[in-house]
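Since the structure comes first, as structure tokens, the remarks are kept for the end.
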Amino acid sequence: MEAIVYEEFGGPGVLHLERLDPPRPGPGQVRVAVRAAGVNPLDHKIRNGWMEGAFPTPLPATPGAEFAGVVLEAGEGVTEFAPGDEVLGWSATGSYATEALAEAASLARKPDGLSWEEAAVLPVATDTASRVLDELALTEGETLLLHGAGGGVGSVAVQLAVARGATVIGTASPANHDYLRVLGAVPVAYGDGLVERVRELAPEGVDAVFDASGRGALPASIELRGGTTDRIVTIADGDAAELGVAFSSGGGGPSADRLGANARLAETGELRVEIAQVFPLADAASAHALSEGGHVRGKLVLLP
């Protein structure tokens, strides 16, 4: 099999393609032929060594958390999947590869109406967005400030929050404002003057803040919440603890049931995840360089 590997932390240049022995599934696991793998901002943060406190990474390592593919082999005790089944979910060995292992409990069946690329970008974005909105206890009639609303997680969170009956104010670059309006958000530019711009849109304040960008927006968020860190959650800012803000890392593990439900919504068009660009597996470094630039609308995909 082929896989992207890095032996040291650093920039995109540390990523390279290697030939490896295929992994063998242990009890409760399946071996999958990867058809498409999603690229997430967390991938380059781990590769840089910035997330060692939250996600210790033994080297050498293969990046990637999410994928869609075909089951090749089922390990001991696995009864819900068999060779030939089409699945999507989370990898236990890194998804930037032609083959990967996954816990059977972390997989859902791929709906027939979804392409491999569409299926591969669902696990991280949909599970993260659903989880954080639950942690914020967002309900109908409330106003959510969402940083990084044009990204993969952010754009899903906009749709799920609007479906809950909330008003969403989404920060993004001006180029993404029309896109956010289509998704149902009220767009606002990030950067200097953010507090004043948000207050113009929400004179009575915001009820909750979801930071999916990690670009220094937490101090402004605390100010907009009246000085409290209550109901502010970040998935991307390493300074969260210093500011007393909750960092959501999904410690409880992903939900295969929730993934299956969101995949069915995506198949019917009720949930939209935009694919920004597709790269061959060997060009993972270029995908990381683009992701690290921080202005991707939607998701990046690797094709083995």
Subject >> Residue pairs meeting the criteria (Cβ under 7 Å; at least 6 apart or on separate chains; first part of a helix (DSSP H, G or I) and open to solvent by 50 Å² or more (accessible area, probe 1.4 Å), in segment 264-281; second modelled with pLDDT of 95 or more and not hydrophobic (A, V, I, L, M, F, W, C)) >> reply: R264/P111; E267/P111; E267/G113
**OP:** Specify which of the listed residues (L17, L72, L101) is assigned to a strand (DSSP E or B) and open to solvent by less than 50 Å² (accessible area, probe 1.4 Å).
**Re:** L101
Original post:
Do you know which residues across segment 53-69 are over 18 Å from the mean Cα position of the chain (by Cα) and open to solvent by 20 Å² or more (accessible area, probe 1.4 Å)?
Top reply: G53, P56, T57, P58, L59, P60
**OP:** Please enumerate the residues belonging to segment 141-166 that are in a strand (DSSP E or B), farther than 21 Å from L265 by Cβ and either free of Cβ contacts under 8 Å to residues at least 60 places away in the same chain or open to solvent by 10 Å² or more (accessible area, probe 1.4 Å) (or both).
**Re:** T143
**OP:** Return the total of residues in segment 282-304 being among the basic types (K, R) and open to solvent by 20 Å² or more (accessible area, probe 1.4 Å).
**Re:** 1
**OP:** Tell me, yes or no, whether segment 235-244 has at least one residue that is buried (at least 16 other Cβ atoms within 10 Å of the Cβ), out of contact with any Pro (no Cβ under 9 Å at 6 or more places or on another chain), of a type in the set (G, A, S) and outside any loop (DSSP other than H, G, I, E, B).
**Re:** yes
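Let's see how each residue does on (1) within 24 Å of A33 (Cα to Cα); (2) modelled with pLDDT under 90:
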residue: R215; (1), (2): no, yes
residue: I232; (1), (2): no, no
residue: G260; (1), (2): yes, no
residue: L265; (1), (2): no, no
residue: T268; (1), (2): no, no
residue: Q277; (1), (2): yes, no
residue: P280; (1), (2): yes, no
Original post:
Yes or no: A119 open to solvent by 30 Å² or more (accessible area, probe 1.4 Å), among the aliphatic types (A, V, I, L, M), part of a helix (DSSP H, G or I) and in contact (Cβ under 8 Å) with a residue 12 or more places away in the chain?
Top reply: no
Original post:
Which one of the conditions (1) assigned to a loop (DSSP other than H, G, I, E, B); (2) open to solvent by less than 50 Å² (accessible area, probe 1.4 Å); (3) farther than 22 Å from P219 by Cβ; (4) not acidic (D, E) does G191 fail to meet, given that it meets all the rest?
Top reply: (3)
**OP:** Please go through segment 245-258 and pick out each residue that is surrounded by 15 or more Cβ atoms within 10 Å (Cβ to Cβ) and either hydroxyl-bearing (S, T, Y) or not in a loop (DSSP other than H, G, I, E, B) (or both).
**Re:** A246, F247, S248, S255, A256, R258
Subject >> Residue that is least open to solvent (accessible area, probe 1.4 Å) [pool: residues in segment 1-14 that are in contact with a Pro (Cβ under 7 Å, 6 or more places away or on another chain) and over 10 Å from A97 (Cα atoms)] >> reply: Y6
Original post:
Is one or more of the residues making up segment 202-223 open to solvent by less than 20 Å² (accessible area, probe 1.4 Å), closer than 30 Å to A92 by Cα and outside any loop (DSSP other than H, G, I, E, B)?
Top reply: yes
Subject >> Residue count for segment 205-233, restricted to those that are free of Cβ contacts under 8 Å to residues at least 60 places away in the same chain and either within 22 Å of V124 (Cβ to Cβ) or out of contact with any helix residue (DSSP H, G or I) (no Cβ under 8 Å at 6 or more places or on another chain) (or both) >> reply: 7
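The values are calculated or read from the model by the stated rules, or taken from the named source; none is laboratory data. None of these values were measured; they are calculated from a predicted model. Neighbour counts are summed over all protein chains in view; Cβ atoms, including those assigned to glycine, are modelled from backbone coordinates with ideal geometry. Remember, those area values only see protein heavy atoms, side chains included, never the ligands or the DNA or RNA. Shrake-Rupley method; radii C 1.70, N 1.55, O 1.52, S 1.80 Å.
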